[in-house]
1. In segment 206-246, which residues are β-branched (Val, Ile, Thr) and surrounded by 24 or more Cβ atoms within 10 Å (Cβ to Cβ)?
2. Which residue, of Leu260, Leu264, is free of Cβ contacts under 8 Å to residues at least 40 places away in the same chain, over 19 Å from Leu17 (Cβ atoms) and surrounded by fewer than 22 Cβ atoms within 10 Å (Cβ to Cβ)?
3. Taking Asp249 as the residue in question, decide whether it is out of contact with any Phe, Trp or Tyr (no Cβ under 6 Å at 6 or more places or on another chain), of a type in the set (Asp, Glu) and surrounded by 18 or more Cβ atoms within 10 Å (Cβ to Cβ).
4. Across segment 1-55, which residue is farthest from Ala138 (Cα to Cα) among those that are polar (S, T, N, Q) and part of a strand (DSSP E or B)?
5. Which residues, counting only those in segment 126-145, are part of a loop (DSSP other than H, G, I, E, B) and crowded, with 18+ Cβ neighbours inside 10 Å?
6. In segment 99-115, what count of residues is obtained for those that are touching a residue at least 24 places away in the same chain (Cβ under 8 Å) and surrounded by fewer than 23 Cβ atoms within 10 Å (Cβ to Cβ)?
7. Could you tell me which residue of segment 59-114 is farthest from Gln253 (Cα to Cα), considering only residues that are assigned to a loop (DSSP other than H, G, I, E, B) and of a type in the set (D, E, K, R)?
8. Taking segment 74-107 only, how many residues are touching a Gly at 6+ places or on another chain (Cβ under 6 Å) and among the small types (Gly, Ala, Ser)?
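The values are calculated or read from the model by the stated rules, or taken from the named source; none is laboratory data. What you are looking at is a predicted structure, and each value in this text was computed from that prediction instead of being measured. All Cβ positions, even for glycine, are placed from backbone atoms using ideal geometry, and neighbour counts span all protein chains on display.
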Amino acid sequence: MKQLDICQVKRPYTTHLVPASACFGYTDPVNPPRIGDLLVAEVISLGKHSTIESTTGQIINIFPGDIFIGAFGNRYATDQYEGYVPAQWPETCDLLSIGGVCGEVVSAHSSMAAPTRLRVLGALCRADSRPLNLRSFALTAPVMPSSGQTILVVGTAMNSGKTTTVGTLVRALHRAGFRVAAAKLTGTAAGKDGRYFMSCGASPVFDFTTCGFPSTYMLSEAELLGICHDLFNWLDATAPDFSVIEIADGIFQRETRMLLNSTLLRDRVDHLFFAANDSLGAVCGVQTLQAEGWPVRAVTGVVTASPLCMREVESVIDVPCLSIDAIVNGSQLLPLLQQPRWLMREAA
């Protein structure tokens, strides 16, 4: 084992639950890497990511020769990288995200630069040489009865406007005098979205890292449902009037589909807002979700930047398109949230 000078080590967001006192040193790993295993790495060369998001949310530069702590995880990002935890501890690996998720890139969007390359020095360990995994630092959720109404935000794909929709809904409800909480169920570790939700008025805010995961891609159904269960309990503990929930990526993505098919999520959701990039995606997505019994209240996202696209959508489906300004105004939003969950009950 080699001891670390933690003051000289850069720590990205994915390690925000790991106390500095636990980061004693690094050791040669014995077992194959798992999702959440913490590693100590040296930057070899810079590629796509020349910065990382720190545990406190600051964007800091990294340079060749820097030492930092990351976490092995998978990544699903249609306009960035597809990456996986390696089968064995490698000598080198890739930086998959600004939040410090590490693995091996197997495909990338054509616009992407090569990934930043890392030399793996060893497994992060305590003073007793025991390797560390993020799961060891997961917060224990209280067991709480459900509280308030739940709004779910899903979309057509990455960058369709889901996070903006969540924040805008939070702003509107907060301005109307409601207590609002928010959570992100799936994705790749980054603190930016959570801080945005907080700045819009959500309190508390949680994501899957609270449950000890650096990312959710390729988790088992049981693990995903465990995250969903725990985050709902964390939100319910503060008795919000509304909980606004985001699921990353598109509705046909593996983990999103697992959650949408689960009775755990279906039984909790009162309203669904669908973020889309264009009119075709909006119509296809809404019709798919309505056929499954989901209470789709409105189309949001990138498509609502164009009045022409909004008129196209509303000429085909009987669901309103709400722009950011329309949501914040509240006059159209609040009546939508008074509708019953009859579609959900019918589907059940």
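1. Thr209, Thr216, Ile227, Val244, Ile245
2. Matching residue, one of Leu260, Leu264: Leu264.
3. yes
4. Per the stated criteria, the residue is Ser45.
5. Leu132, Ala138, Ala141, listed by residue number.
6. Total satisfying the criteria: 9.
7. From segment 59-114, those assigned to a loop (DSSP other than H, G, I, E, B) are 62-66, 73-74, 77-80, 85-91, 96-100, 109-114; that's our starting set.
In the following step, the residues that additionally are of a type in the set (D, E, K, R) were identified as 66, 79, 91.
Working: Asp66: 35, Asp79: 14, Glu91: 31 Å.
Going through the qualifying residues, I end up with Asp66.
8. Residues flagged as touching a Gly at 6+ places or on another chain (Cβ under 6 Å) and among the small types (Gly, Ala, Ser) within segment 74-107 amount to 3.
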